Amino acid sequence: MQLRYNYRVYPDAPQRRALARAFGCARVVWNDCLRDREEAQAAGRPYVTSAELSRRRITQAKRTAERAWLAEAPAIALQQSLRDLDTAYKNFFDFLKGTRKGRKVGPPRYKSKKDTRQSIRLTASAFSLRGNGTVYVAKVGDIKVKWSRPLPSPPTSLTVTKDSAGRYFMSFVVDTEPHVLPVLDAEVGIDLGLSTFAVLSDGTRIRSPKFLRRAEKKLKRLQKDLSRKAKGSKNRDKARARVARQHARVADRRRDWHHKASTQIIRDNQAVYVEDLAVSGLARTRLAKSVHDAGWSAFVNMLEYKAVKHGRYFGKIGRFEPTSQKCSVCGVKDGPKPLHIRQWTCAGCGTVHDRDDNASQNTLAAGRADRLNALQSAGKTRTKVPAQRVEAGSHPGGHPTAAGTLGL
């Protein structure tokens, strides 16, 4: 399986200038190639091939006075920028043809030097790991890296990124074998919420840390300071950077907490079941800030790929499953309930339910049923159900998805 390892890097002043040139050159190649294809489409000419664009916008452009500075950037970064444009077009065409499911994919758009994120992508021939802990990048030099953990194998590609807070990162893609954990008997269903982040079917309750809410006071002061600065001034750029750094701290804390919580759940349970929530829809309601602060999608994605990595089973039940309406004891469906109702009594058996605990129990039961149906269907049709060995993706349309070792 392929994994991505991200590290903070600290380039010096000349290296930052070299990276800025590389970011700009890759962005110019992307925009020039995109413009050529749009002009050809508007004029009714055939689709411009990648080979023609590479010859025209990279090889020949370096020999002109207007684009001679393209030679100052790594040639691999320019070629990768063109390949990324091809990927963007392929995703767009696949969506139009219906072969790519999920959210709507639009055509590629132009990049700006004012974008909050700048990056270049390199293959193994354009970088190397030094023995002194630095990473050599072509036409940039040896960059100091903060190695928080070792790489499990030699990397196959590298992405150098500058974020809106002015921080630099290196992201390595490596090929590695799954680290399968010992088999357990425990299985758990998870009900995600806002005040209580997660309620597990074994009775565990994980409180929501609410990192954004806790930082709102400082963010409000920084945003007010930013609004008072004149547009286009140096002081406005400094104030914007301060706001971006504060938001980055909030995101880093949330991500670190998600990693710790998801790892603990995967280690303690052989199978994990969650509900396929419509996060994008909830993010358009009055609860939008709290939904974004919780970060459900990122947390579920972590559970999904860690299940593949450690040989666990991960399953999603349909988003229209009435987990909050059905009694987990007798199965009677008692109808929808407002969010302010946290406890209710079943009309069928008289059991008093906590809303979240009951939903987690129903999630566990529905996940087990979907898993059993998948195994029985595979046996009848004589088809194998192999374990996924890449990053697992959720299926659109509310269909359940599974990852991990199904046979356990």
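Couple of notes before you dig in:
- Filter result for Ala198 (hydrophobic (A, V, I, L, M, F, W, C), surrounded by 18 or more Cβ atoms within 10 Å (Cβ to Cβ), closer than 30 Å to Val274 by Cβ and modelled with pLDDT under 95): yes
- Residues of the stretch 145-161 that turn out to be open to solvent by 70 Å² or more (accessible area, probe 1.4 Å) and either of a type in the set (S, T, N, Q) or closer than 15 Å to Arg17 by Cα (or both), as a count: 1
- Candidate set from the stretch 162-182 (those that are small (Gly, Ala, Ser) and surrounded by 13 or more Cβ atoms within 10 Å (Cβ to Cβ)); member that is nearest to Ile120 (Cα to Cα): Ser171
- Scanning the stretch 252-266 finds one or more residues that are open to solvent by less than 60 Å² (accessible area, probe 1.4 Å), without any contact (Cβ under 8 Å) to a residue 40 or more places away in the chain and more than 28 Å from Gly367 (Cα to Cα).
- The requirement of being open to solvent by less than 20 Å² (accessible area, probe 1.4 Å), part of a helix (DSSP H, G or I) and touching a residue at least 12 places away in the same chain (Cβ under 8 Å) is fulfilled somewhere in the stretch 106-126, by at least one residue.
- The set of residues from the stretch 85-98 being of a type in the set (D, E, K, R) and either in a loop (DSSP other than H, G, I, E, B) or open to solvent by less than 50 Å² (accessible area, probe 1.4 Å) (or both) comprises Asp86, Asp94.
- Selection from the stretch 1-47 of residues that are open to solvent by less than 20 Å² (accessible area, probe 1.4 Å) and in a loop (DSSP other than H, G, I, E, B): Pro11
Results for (1) hydroxyl-bearing (Ser, Thr, Tyr); (2) touching a residue at least 40 places away in the same chain (Cβ under 8 Å), shown as yes or no for each residue.
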position	(1), (2)
Val329	no, no
Lys333	no, no
Thr351	yes, no
Arg355	no, no
Ala359	no, yes
Leu372	no, no
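- Selected residue (only one of Lys62, Lys101 is in a loop (DSSP other than H, G, I, E, B) and among the basic types (Lys, Arg)): Lys101
- Breaking point among (1) among the basic types (Lys, Arg); (2) open to solvent by 70 Å² or more (accessible area, probe 1.4 Å); (3) touching a residue at least 24 places away in the same chain (Cβ under 8 Å), for Arg57: (2)
- Filtered residue count, the stretch 65-79, keeping only those that are in a helix (DSSP H, G or I) and out of contact with any strand residue (DSSP E or B) (no Cβ under 6 Å at 6 or more places or on another chain): 8
- Residues of the stretch 183-195 satisfying the condition of being modelled with pLDDT of 90 or more, surrounded by fewer than 13 Cβ atoms within 10 Å (Cβ to Cβ) and out of contact with any Leu (no Cβ under 8 Å at 6 or more places or on another chain): Asp185, Ala186
- Residue count, the stretch 59-79 (criterion: β-branched (Val, Ile, Thr) and under 10 Å from Cys25 (Cα atoms)): 0
The values are calculated or read from the model by the stated rules, or taken from the named source; none is laboratory data. On a predicted model such as this, the values are computed, not experimentally measured, just so you know. Glycine also receives a Cβ, built like all others from the backbone with ideal geometry; neighbour counts cover every protein chain displayed. Heads up: the accessible areas ignore ligands, DNA and RNA and are worked out on the full protein's heavy atoms, side chains in. Shrake-Rupley method; radii C 1.70, N 1.55, O 1.52, S 1.80 Å.
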